[in-house]
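Read the figures in this text as sums done on the coordinates, not as results from a lab. Just so it is clear, the structure is predicted and the values come from calculations on it, not from any experiment. With ideal geometry, Cβ positions are generated from the backbone for all residues, glycine too; neighbour counts draw on all protein chains shown.
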Amino acid sequence: MDRAFAFVAITGVAALVAGGMVVLDPGIPAVAAAAGCALATLIGVSLLERPDVRIRRLPRVHHMVLSALALGLAVAGAAYRNDRLQWAALAAQSWPAFSLSGITLKAMNRPAALKAYVGLLLLVLIGLNAWIAYLNGFWLADQAKPVVERWLPRPPSRPVPRVEPMADSAAETRVLATVAGRPITSAMVAYQMFINRTVAPEAPTDRTIALANLLQAFAVRQVLEANVGRLDPSELKDERVWIENGVRDPSILKRIREHSDDEMFLEIYVGANGFYLRELRDIFARRQRAELKKRAEELLRTALAQNGSDKSLERILGTRTSLMRYSPERRDFVPHYAVDLGAEKGPDPAEPLYSKLAPLRVRETVSEVLHGDRSAMIVRRAPDDLKGRPNYEIARLVQDQDFWAWFHAQSEGCVIVIPDEQLRRDCMKQASTVRHLIRAKSPSD
């Protein structure tokens with residue numbers, strides 16, 4: 001019994017030290033160490049509840065040594081405010097607790113309640129160690145990697161040849177494809193491959209991927225120049241536009257810029273890797289908002305002309321509507337069957353939406369369109385519900401056109417010519433957004 005008392009005393013002191021560390025400097029390491037020592041103490045206490053011949057020989061010497069080591073690590077962790085020492089204290093305390101709980105669970109003359117109690121403590125301790133192992137797994141891997149590489153060096157591997165264009169000027173100026181008559185040369189593709197490897201070294205890239213990137217970018221540029229008529233080349237020189245491409249590290253941007261001349265840097269990196277597509281998306285968003293506004297105003301005029309009519313808003317507009325009511329708690333429209341949360345409170349007269357809804361009579365429409373982020377609403381007062389709360393018919397209009405579907409329609413006149421048959425097939429698989437534009441030869445040939 002003396003060993004059991006000593007073991008409980010040591011683990012209890014370690015739990016108190018780790019618990020004091022939680023008070024002085026709260027954090028996950030201190031909490032985990034305190035919890036582990038407390039669980040070990042409870043497992044040790046279970047040994048004192050059933051003293052017999054076997055128990056009197058427990059804990060063993062190595063259990064006592066590990067518990068004393070855990071106490072020392074907990075004291076050192078509290079003194080030096082070191083997280084790793086707290087983790088080590090938990091690990092040192094867990095091993096004797098695992099061993100002693102296993103002996104208790106395997107004994108034949110233990111009550112079922114005691115075994116269940118110890119088993120629950122063991123499961124909690126195992127879960128705590130698994131969680132700590134997960135938190136420290138990356139750190140352990142980083143520490144072990146140089147040791148493993150030093151003792152088990154990798155065998156020399158054969159260098160993998162990189163697909164690069166030939167160094168002579170004829171290869172650099174070789175035209176791989178044309179986009180609406182604009183040539184895309186091997187030098188441009190090689191520069192795009194360098195950009196891909198520099199910006200995202202872990203992502204796969206090759207000549208086909210780089211060429212597919214350029215095909216889409218220059219098709220977007222052709223739409224900007226021919227159909228939209230908005231492209232200012234001077235904007236490419238604005239350094240704020242460079243940052244919008246996503247590379248914010250000055251050293252990476254410097255490497256990309258110094259790899260080629262300024263003209264190709266502006267055309268390929270700045271334009272083809274972000275600027276052209278952003279410009280076209282902005283134009284698409286503005287047109288969608290304008291078209292939505294125009295369509296909503298036309299439907300609003302139709303609805304206002306039917307004020308007082310018994311027809312529903314759905315029949316008047318020929319579009320689907322929803323029956324909603326206004327909730328002062330949420331300051332928004334909710335389904336008419338929704339349950340109020342908390343006590344009903346009156347609407348705020350200063351709220352803009354309430355000021356538009358308050359004057360409405362039954363079968364009357366709000367005199368303006370309520371615009372959201374990418375939607376518009378036409379609101380019409382409906383008959384009240386059984387509780388006397390006003391209902392509203394709402395026709396919601398959204399921007400339903402997809403950008404790439406719009407781009408597909410805008411780029412019909414653009415032709416991408418790739419003479420090489422294999423390269424053309426690879427690009428048609430990779431460049432899905434411009435697949436409909438790729439041809440073997442120009443229609444004029």
Row for segment 230-291, column shape: gyration tensor on C-alpha, a ≥ b ≥ c, rounded if a/c < 1.5 i.e. under 1.5, prolate if a/b over b/c, else oblate; value prolate
Surrounding net charge for N391, when Lys and Arg each add one and Asp and Glu each subtract one, Cβ distance under 12 Å: +3
Unit charges on C-beta of K, R, D, E only; dipole of segment 293-398, Debye: 360
For segment 356-445, give the magnitude of the charge dipole about the Cα centre (Cβ charges: +1 Lys/Arg, -1 Asp/Glu; no others), in debye to the nearest 20. 340
